[in-house]
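Notes follow the structure.
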Amino acid sequence: MTTARTGRPALRLLTAPEYEHAAPAPLVAFCSHCGARPAHPPAPASSSRVCAACGLGLILESRADVAPKAGDAFLVLDRSLAVCALSRGAERLLAALEPNAVNRHVTDLLMPADAEEPDGTSLSTAVAWAARGDGVTRTSVVRPANTFGIRLTARISSCGPPRAALVVLD
Ligand SMILES: [Zn+2]
């Protein structure tokens, strides 16, 4: 067998993708309200991080593989699980307006879809970890808090600045 002759070098080849995975993921900028990705993200010291496309959202950054696209439904939440931003897509999906949603607890808008987690523990835990910037992407099946019968996949990861949790809904 080939593997018997080549031994460890063959094993190293097999593990190569893990090294690629460990490399820092590229960051992309996006608007917290419309999801537009500015061609030139503002410098961290810039006085204005307001989105040029909609004039409502702030420009945040997240890993490219988890960042929302323009029009996506997503929320930004802080460490206390309070809503910091609700995208235009999420306003439509959750039948809520951002000014009314800001500072509300995550479970005022989203609930776990599975009945065995009525208190929202796993969703809340995932949001809390992401808001601390632990770099792990988690998924959870949720429903709008005000609607039964709708199941959404929530992809929970980190964004900032300031460090916050990003919840993208499909
Ligand atoms: Zn915008």
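Just so you know, all these numbers are worked out from the coordinates, no wet-lab data involved. In this text, all values refer to a predicted model and were calculated from it rather than measured experimentally.
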Practice task
On each of the three principal axes of the Cα atoms of segment 55-113, give max minus min coordinate, whole Å, ordered largest first.
Solution key: 28, 24, 22
Handout entry: Largest to smallest principal axis extent of the C-alpha atoms in segment 85-170, angstrom
Key = 32, 31, 20
Practice task
Please give the length that would be gained between residue 151 and residue 25 if that part of the chain were fully extended, namely 0.36 nm times their separation in residues minus their C-alpha to C-alpha distance (nm, one decimal).
Solution key: 42.4 nm
Practice task
Any chance you could run the full-extension gain for residue 65 through residue 103? It's 0.36 nm times the residue separation minus the Cα-Cα distance, nm to one decimal.
Solution key: 11.0 nm
Fill in the blank from the handout: Rg from C-alpha atoms of segment 26-169, normalised by the globular rule of thumb 2.2 N^0.38 Å, equals 0.98
